[in-house]
Amino acid sequence: MIEFVGESVEIHPDRFAVVKLRNLPNVNYVAVVKGEFFEVVMPERDLVRLEKFVECETGYRLITLDINVPLEVVGFISKVSSAMANEKVPILILSLYSDKILVKEEHLEKALKVLNELGFKVKR
């Protein structure tokens, strides 16, 4: 069973955007997925540096799950996403070496409450 007691989460101070682009910009971004378009998570403040985009959704906050979980662990994100779903908190997940959750600003406090109830300590 996966336990999160004593683990922490950190909230990035910036607001982020999820952007679909035809060309990869020369700006700071969190992640890129290449398919027909580039899909980028980037700070909203850098949107002014883009010439144009296909789609853009703003108003996200980035929460980093500050926990050392081996990459082969099964069910870690499922436990977090299920708890969020039960409370009707829509999230986007970025799973790399550290796991990150994108949540709309209006759902931030509820998401932090859910993470706290799972045992995470919130770093502000």
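The values are calculated or read from the model by the stated rules, or taken from the named source; none is laboratory data. Quick caveat: nothing in here was measured; it's all calculated off a predicted structure. No Cβ is skipped: glycine too gets one built from the backbone with ideal geometry, and neighbour counts run over all protein chains shown. Keep in mind that these areas ignore ligands, DNA and RNA; they rest on the heavy atoms of the full protein, side chains included. Shrake-Rupley method; radii C 1.70, N 1.55, O 1.52, S 1.80 Å.
So here's what we get for this one:
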read-out: Computed E for Tyr97/Asp14 - FRET, C-beta separation, R0 30 angstrom, nearest 0.05; value: 0.90
read-out: Full-stretch length increase - Asn116, Phe37 - with 0.36 nm per residue and alpha-carbon distance subtracted; value: 24.8 nm
read-out: The chain, accessible surface, carbon-and-sulfur percent (1.4 angstrom probe); value: 50 percent
read-out: Glu106, Glu55, ranked by accessible area, largest first (probe 1.4 Å); value: Glu106, Glu55
read-out: Two-decimal Rg to Rh for the range 21-89 - Kirkwood Rh, Cα set; value: 1.05
read-out: Additional length obtainable on full extension of the chain from Asn86 to Leu108, 0.36 nm per residue less Cα span; value: 6.4 nm
read-out: Accessible area per residue in Å² at 1.4 Å probe, computed on the chain; value: 62 Å²
read-out: Between 0 and 90°, nearest 10: helix 108-118 axis offset from the chain longest Cα axis; value: 30 degrees
read-out: q = 0.13, 0.16, 0.21 Å⁻¹: log10 I(q)/I(0) that the Debye formula gives for the chain, counting C-alpha atoms only; value: -0.55, -0.80, -1.19
read-out: Solvent-accessible ranking of Thr58, Thr64, largest area first, probe 1.4 Å; value: Thr58, Thr64
read-out: With DNA, RNA and ligands ignored, accessible area of Arg49 (1.4 Å probe; Å², nearest 10); value: 140 Å²
read-out: Too-long pairs where the Cα-Cα distance tops 32 Å, listed order kept, from Lys34/Lys79; Lys52/Lys79; Lys34/Lys121; Lys79/Lys123; value: Lys52/Lys79; Lys34/Lys121
read-out: Helix-only [θ]222 nm of the chain, DSSP H runs n ≥ 4, -39500 (n - 2.57) each, per residue, nearest 500; value: -5500 deg cm²/dmol
read-out: GNM flexibility winner over the chain from Leu50, Leu94, Leu112 (Cα, springs under 10 Å); value: Leu50
